[in-house]
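Accompanying notes for the structure given below.
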Amino acid sequence: MRLSIRNPADFWSGLLFLAVASVFLWIARNYDFGTPLRMGPSFFPVVLSVVLAGIGLTTLLRSFAVDDARLDGFALKGLALVTLGSILFGVLIERAGIIIAVSAITLVSAYASVKFAWKQGLIMAALLSAFCALVFVYGLGVPMPILGSWFTD
Amino acid sequence: MDILSNLLLGFQTAGSFLSLGYCLIGVFLGTLIGVLPGLGPVATIAMLLPATFGLPPVSALIMLSGIYYGAQYGGSTTAILINLPGESSSVITALDGYAMARNGRAGVALATAAIGSFFAGTVSTLLLALAAPPLAQVALKFGPPEYFSLMVLGLSASVVLAHGSLLRAFGMIVFGLLLGVVGTDPNSAVQRFTFGIPELADGIGFVTVAMGMFGVGEIIRNLENESDRAVFVSKVTNLMPTREDWRRIVGPILRGTILGSALGILPGGGAMLSSFAAYSVEKKISRRPSEFGKGAIEGVAAPESANNAGAQTSFIPMLTLGIPSNPVMALMIGALIIHGIQPGPAVMSQQPALFWGIIASMWIGNFFLILLNLPLVGMWAKMLTIPYHILFPGIMVFCAIGVFSLNNTSFDVYLMAVFGLLGYVFAKLKCEPAPMLLGFILGPMMEENLRRSLTLSRGDPLVFVKSPISLTMLIIALLALLMVLLPSFRKTREDAFVEED
């Protein structure tokens, strides 16, 4: 009998749970386990990791036994660009300032849409960065520079 | 009467000009954001939470409750007008609400939802005011073992009520509990799982996780099949229900309110369960069951009342025990903690103005909702015509700025990106994020109470079954889990979730 993955959602989530449990277990070996009476810092996480590993393993095994629908495709472009946009915002906000950071996250994430158009994107970036500068920096006093350390030093 | 003087105190607190203002702003902002497609109450509250940081605790909480009701109503509006429910509890509303809209009765559907919500809100606020004090009295007797068992009960209920695979829901809870442990261990001051990153010493921020999983993750999901989403926004014309409509909605609203109030107290997703249960009850007892799904007004009135009643009564465990029954309540607890209030039975006796102010503001919030939404319904409908590809970059910007402003650090923005990615992957793998979030917020509390229980009992694990309250809760938790394993219940549960999709 050939083993085949009949339930991909179970298969991948099982692997994911196992991976998370192993990472937590691996790191927790540095901490004191203690005794039930005086639990150390790793007691609770280790118990949980073992439970999670058990769930992960069961899920993984079940994926070979119980049928379920295939997973539909991942929105890789959206996933990559939206994540990249957020990271760019984080990198740029203090270094380049809010105008550039907001423009960057707007354009990069907007590019993920199939309906993206450059002209519209640029207008959106301009409007959003002006709005955010006015409302968040001047209005609510969130400590974000208009122009960041790259320009002021 | 005690309850009257308490409510009076509440209305004095919430009825001040300032509080009324914040409540109104909250309802307005909540509806404004909630009406945007793809943003449910959790993402909306997470996004607007930073805006309340500068306010005094009472005003902040009042504004947040306003945001919550607004967001919920906003979700129903999108469900009715464009068949795009912002959250699971308005999925049911979309069935008949959207059908009504296609029949040219969008206005009546929206008005019915508002009227039903208002009535349910009024009743369940009263219920909350009546039930909270005795419950808090009981809760004051709770020691660490009782709290621990209560959380076990809450988590098992959220497994039972989650969609799809039980095993995966269970895994998500444990994953959430583990994430909650990240940060400094309060007992030994050891930094756990922080990878030496100073920003993680205080643990992972709850708002960051919520915003990533529910905000960013949802955006990525919506980008999946962008092109085949046809937006048909119904024209909103006549709002007033006819005499015949009134006659037909009275019963469903009453039954929905009762069902919703009862189910909302249950931990783990009261609002969704209530709206579904109310809908199926109406369908069963209706003389015209064939009309359901084709624009039966009962199919809007019942779930909307139930869902609002459930939303209200889910405050009961949060306010009296400090235990969140759903992700929204978890956010509220997060907000309370940020304002230096540890939620629990002591809040009522130590800060009566805050406690009763929140309860009174719930009613006021519901009142504003009806006042604001019926006249403004045209404007909300306009907002729905904004195409998604214009909308979502703006949502991304607000999420990023919101998360950044929590601690003024870019690290939180990176973390949000990671959780956005995780949220999307979990959604693809059909793993529910709500149980994970519940586990995440309960993780530290559970560990603390487990530790204390075992220290008190000198390491004897039997402490959890020796206390009758704790034992009862553990038995209920066990029964709930066993029940799900029963084939007959399993089938009902699966049917319930299938009908919804």
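Odds and ends about this structure:
- Overall form of segment B:381-434 per C-alpha gyration tensor (a/c, 1.5; a/b vs b/c): oblate
- On Cα atoms only, tilt of B:298-313 relative to the major axis of chain B in degrees: 30 degrees
- Note on chain B: percent of Cα-Cα distances in each 10 Å bin, starting at 0 and stopping at the bin with the largest distance, equals 4, 20, 31, 28, 13, 3, 0.
- Probe 1.4 Å, protein heavy atoms only - accessible area per residue of segment A:76-139 in square angstrom: 45 Å²
- Mean Cα-pair separation over length for segment A:8-62, i.e. relative contact order, pairs under 8 Å, 6 or more apart, %: 52 percent
- Sites matching trypsin sites (Lys or Arg not before Pro) across segment A:68-128 that sit in DSSP coil, with at most 10 neighbouring C-beta atoms within 10 Å: A:Arg70
- Axis angle, to the nearest 10 degrees, between helix B:352-383 and the longest C-alpha principal axis of chain B: 40 degrees.
- For A:Ser22 and A:Leu57, the difference between the fully extended length at 0.36 nm per residue and the C-alpha to C-alpha distance is 11.4 nm.
- Where labels lie 7 Å past Cα in the beta-carbon direction, separation of B:Glu244 and B:Ile285 in nm: 2.3 nm
- Average accessible surface area per residue within chain B, 1.4 Å rolling probe, Å²: 36 Å²
- Close Lys pairs in chain B (alpha-carbon distance under 17 Å; sequence gap of 8 or more, or different chains): 4.
- Separation between Cα centres of segment B:121-157 and segment B:396-420, rounded to whole Å: 33 Å
- Separation in nanometres of the label points that stand 7 Å from Cα toward Cβ, at A:Arg38 and B:Glu448: 2.2 nm
- When the other protein chains are added to the chain by itself, burial of at least 30 square angstrom of heavy-atom accessible area (probe 1.4 Å, ligands and nucleic acids ignored) affects these residues of segment A:107-153: A:Ser109, A:Ser113, A:Val114, A:Lys115, A:Gln120, A:Met124, A:Leu128, A:Phe136, A:Val142, A:Pro143, A:Met144.
- Average Cα contact separation per residue, segment A:76-139, under 8 Å, 6 or more apart, as relative contact order %: 34 percent
- For segment B:317-332 versus segment B:6-22, the gap between their alpha-carbon centres in whole angstrom: 22 Å
- The length gained by stretching the chain between B:Val484 and B:Lys294 to full extension, at 0.36 nm per residue less their Cα-Cα distance, is 65.2 nm.
- Legend: mean number of C-beta atoms from other chains within 10 angstrom of residue C-beta atoms, peptide B:385-396, equals 6.
- The mean number of partner chain beta-carbon atoms within 10 angstrom of a residue's beta-carbon across peptide A:57-70 is 1.
- Residue by residue along A:84-95, Cβ atoms of other protein chains within 10 Å of the local Cβ number 6 on average.
- The charge dipole of chain B, taken about its Cα centre with unit charges on the Cβ of Lys, Arg, Asp and Glu (plus for the first two, minus for the last two), comes to roughly 820 debye.
- In the protein assembly as shown, helices alone account for a calculated mean residue ellipticity at 222 nm of -23000 deg cm²/dmol, with every DSSP H run of four or more residues adding -39,500 (n - 2.57).
- Averaging the sequence gap over all C-alpha pairs within less than 8 Å and six or more residues apart, then dividing by the number of residues, gives chain B a relative contact order of 28 percent.
- Shape category assigned to segment A:76-139 from the gyration tensor of Cα positions, a/c cut at 1.5: oblate
- R0 of 25 Å, Cβ-Cβ distance B:Leu371-B:Leu4: FRET efficiency to nearest 0.05: 0.50
- Shape of chain A, Cα gyration tensor, a/c cut at 1.5: oblate
- Listed values for segment B:420-425 are Karplus-derived 3J(HN,Hα) couplings in whole Hz (6.51 cos²θ - 1.76 cosθ + 1.60, θ = phi - 60°), namely x, 4, 4, x, 5, 4, and x replaces Gly and Pro.
- Paramagnetic label zone (point 7 Å from Cα along Cα-to-C-beta, A:Lys77; backbone N under 19 Å) in segment A:92-116: A:105-116
- Label-reachable residues, segment A:102-138, where backbone N falls under 20 Å from a point 7 Å from A:Arg95's Cα toward its Cβ: A:102-109
- Approximate shape of segment A:8-62 as ellipsoid semi-axes (Cα gyration tensor, √5λ), whole Å, largest first: 26, 10, 5
- Dimensions (Å) - the protein assembly as shown, Cα atoms, principal axes, largest first: 68, 66, 65
- When both segment A:1-53 and segment B:431-467 are represented by their alpha-carbon centers, they are found 18 Å apart.
- Inter-probe distance in nm under a simple model that places probes 7 Å from Cα toward Cβ, at B:Leu130 and A:Leu134: 5.0 nm
- The protein assembly as shown - percent of accessible surface contributed by carbon and sulfur, probe 1.4 Å: 69 percent
- When chains B and A come together, the accessible area they lose, probed at 1.4 Å and totalled over both chains, is close to 5500 Å².
- Loop-located trypsin sites (Lys or Arg not before Pro) in segment B:277-336 (DSSP state other than H, G, I, E, B) with a sparse environment of at most 11 neighbouring Cβ atoms within 10 Å: B:Arg287.
The values are calculated or read from the model by the stated rules, or taken from the named source; none is laboratory data. Note that the structure is predicted; figures quoted are calculated from it, not measured. Reconstructed Cβ throughout: ideal geometry from the backbone, glycine too, with neighbour counts over all protein chains shown. The area values use the complete protein model at the heavy-atom level, side chains included, leaving out ligands, DNA and RNA. Shrake-Rupley method; radii C 1.70, N 1.55, O 1.52, S 1.80 Å.
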